[in-house]
Amino acid sequence: MKICVYGAGAIGGYMGAKLAQAGQDVTLIARGPHLAAMKSKGLTLISEGQTTVVRTRCTDDPRTVGPQDYVILSVKAHALPGIADAAQPLLGEGTVLVPAVNGVPWWYFYKLPGPYENTRLQSVDPGGVLWEKLPPRRVVGCIVYPATDVVEPGVIQHTYSNRFEIGEPDGSKSERALAFSEAMIEAGFRCPVRPRIRDNLWVKLWGNLSFNMICTLTLATLETVTGNPELRAVARQMMVEAQAVGEKLGVQFPLDVDARIAGAAAVGAHKPSTLVDLERGRPMEIDPLLGAVVEMGRLVKLPTPTCDVVLALVRQRARTAGLYAAG
């Protein structure tokens with residue numbers, strides 16, 4: 001199986017390293033010092049108390065790679081429009097895209113039964129660039145749970161979870177989804193094929209849209225925010241508003257808000273990725289995590305007042321830092 005990881009950073013490098021170890025034909029696309037280190041010394045993965053070095057094809061030029069069976073897109077969601085053209089040489093007739101990104105994806109409304117089918121979200125796909133150049137018909141959805149970090153160029157540290165969930169936008173258990181799931185499982189991941197991938201997506205999104213933003217605004221860890229009654233109440237109200245939007249779009253939440261908050265509290269003194277991006281001076285993921293939810297609220301004509309306020313504040317926080325990655 002030919003698999004290209006476009007954006008072999010923390011998550012993409014983790015996936016690529018394990019898939020290559022399992023015998024798949026893996027190409028990693030990266031750039032800068034990280035790429036240089038992988039080319040010269042291999043990709044080092046620190047995981048579950050073991051350190052392994054993987055040597056596989058690495059490049060910054062997709063034109064040298066050729067069409068793939070699967071392309072894992074693991075850049076930040078807001079960076080996807082910037083790579084849509086560059087990724088074209090990787091796409092053969094049957095190439096499958098697996099976007100390992102956070103937040104609401106550009107393909108969300110593809111084959112979603114009901115009045116909103118094929119709606120294009122401007123907050124995550126301005127002008128419909130992704131819809132046209134990375135067409136949803138190629139997509140198998142993917143939800144990312146592991147925590148990983150590039151601790152130095154060429155070195156990825158994996159700290160918890162090995163779970164990914166995938167699913168077809170139309171809910172079918174297709175051959176292409178099952179084949180990718182099997183390859184991931186052989187590589188040591190948990191990777192079930194879900195019939196209602198959007199339901200699973202919203203459970204993770206619930207935490208991202210609330211805790212990521214509140215932690216970023218307060219510079220506090222998840223433990224601090226969930227342990228503070230006032231901040232916890234803000235997060236809860238954001239989640240309640242978002243749940244109403246999701247349910248209007250047909251989502252069935254498998255647990256309630258308070259159980260989801262309890263799950264976040266159990267993680268402990270964790271810094272969400274949006275706060276880490278602020279601290280490290282990297283463009284911040286805001287619109288895929290919260291902006292899209294507010295846009296969906298407008299679409300289904302439901303108010304999202306708390307989400308609106310937090311979105312305005314966190315966008316300005318990012319602008320002030322020069323890190324607002326708008327669409």
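Report, in debye and to the nearest 20, how large the dipole of region 255-327 comes out about its Cα centre when Lys and Arg carry +1 and Asp and Glu carry -1 on their Cβ.
With Lys and Arg at +1 and Asp and Glu at -1, about 220 debye.
Would you mind checking the tilt of helix 197-207 against the longest principal axis of the Cα atoms of the chain, expressed as 0 to 90 degrees and rounded to 10?
For 197-207 against the chain, the angle is about 60 degrees.
May I ask you to rank R138, R163 by accessible area, largest first, using a 1.4 Å probe over the protein chains only?
R163, R138
Can you tell me the relative contact order of region 264-327? Whole percent, Cα pairs under 8 Å, sequence separation 6 or more.
Relative contact order here is 43 percent.
Just need the relative contact order of the chain here, percent rounded to a whole number, with Cα pairs under 8 Å and 6+ apart.
16 percent.
Using the alpha-carbon atoms, what tilt in degrees (0 to 90, nearest 10) does helix 10-21 show relative to the longest principal axis of the chain?
Roughly 40 degrees between the two axes.
Using only Cα atoms, locate the centre of region 3-45 and the centre of region 243-301, then give the distance between them in Å, rounded to an integer.
What the calculation gives is 28 Å, centre to centre.
Tally Lys/Arg at +1 and Asp/Glu at -1 over every other residue whose Cβ is under 14 Å from the Cβ of W107; what's the total?
Overall, the nearby charge balance is +1.
Determine the relative contact order of region 14-171: mean sequence separation of Cα pairs under 8 Å and six or more apart, normalised by residue count, in whole percent.
24
Straight distance only, please: which aspartates and glutamates reach the Cα of K111 with their own Cα at less than 16 Å, same-chain residues fewer than 8 apart left out?
E132, E168, D170, D199
Starting at the first residue of region 111-120, write each ³J(HN,Hα) from the Karplus equation 6.51 cos²θ - 1.76 cosθ + 1.60 with θ = phi - 60°, in whole Hz, x for Gly and Pro.
Residue by residue, region 111-120 yields 6, 8, x, x, x, 9, 3, 6, 4, 10 Hz.
How do the peptides 218-227, 283-292 rank, highest first, by the average count of neighbouring beta carbon atoms within 10 Å per residue?
Top of the packing list down: 283-292, 218-227.
Where does region 201-327 land on the Kirkwood hydrodynamic radius, alpha-carbon pairs, in angstrom?
It is 14.5 Å.
Under a point-charge model restricted to the Cβ atoms of Lys and Arg (+1) and Asp and Glu (-1), what is the dipole moment magnitude of the chain relative to its Cα centre, in debye to the nearest 20?
It works out to roughly 260 debye.
Could you give the angle, 0 to 90 degrees to the nearest 10, between helix 229-248's Cα long axis and the longest principal axis of the Cα atoms of the chain?
So the inclination is approximately 80 degrees.
In the chain, carbon and sulfur make up what percent of the accessible area (probe 1.4 Å)?
For the chain, the apolar C and S fraction of the accessible surface comes to 51 percent.
Counting each DSSP H run of 4 or more residues in the chain as -39500 (n - 2.57), what helix-only mean residue ellipticity at 222 nm follows after dividing by all residues, to the nearest 500 deg cm²/dmol?
After summing the helix terms and dividing by residue count, I get -11500 deg cm²/dmol.
Rounded to the nearest Å, what's the spacing between the alpha carbon centres of region 46-71 and region 100-119? Just the number, please.
29
By what distance, in whole Å, do the Cα atoms of region 91-158 stretch along each of the three principal axes, largest value first?
45, 27, 22
Could you please report the charge total around Q243, scoring K, R as +1 and D, E as -1 over all other residues with beta-carbon less than 15 angstrom from its beta-carbon?
Within the 15 Å Cβ shell, the charges total 0.
Rounded to whole Hz and in sequence order, give me ³J(HN,Hα) for region 145-158 from the Karplus expression 6.51 cos²θ - 1.76 cosθ + 1.60, θ = phi - 60°, writing x for Gly and Pro.
Result, rounded to whole Hz: 10, x, 10, 9, 8, 7, 7, 7, x, x, 10, 10, 10, 9.
Suppose all protein chains stay in the model; what accessible area per residue would a 1.4 Å probe give for region 153-294, in Å²?
39
Given a Förster radius of 22 Å and the C-beta distance between M1 and E93 as r, what FRET efficiency does 1/(1 + (r/R0)^6) yield to the nearest 0.05?
E(calc), rounded to 0.05, equals 0.85.
The values are calculated or read from the model by the stated rules, or taken from the named source; none is laboratory data. Just so it is clear, the structure is predicted and the values come from calculations on it, not from any experiment. Heads up, the Cβs are rebuilt from the backbone with ideal geometry, glycines too, and the neighbour counts pull from every protein chain shown. In case anyone asks, the SASA skips ligands and DNA or RNA and just uses the protein heavy atoms, side chains included. Shrake-Rupley method; radii C 1.70, N 1.55, O 1.52, S 1.80 Å.
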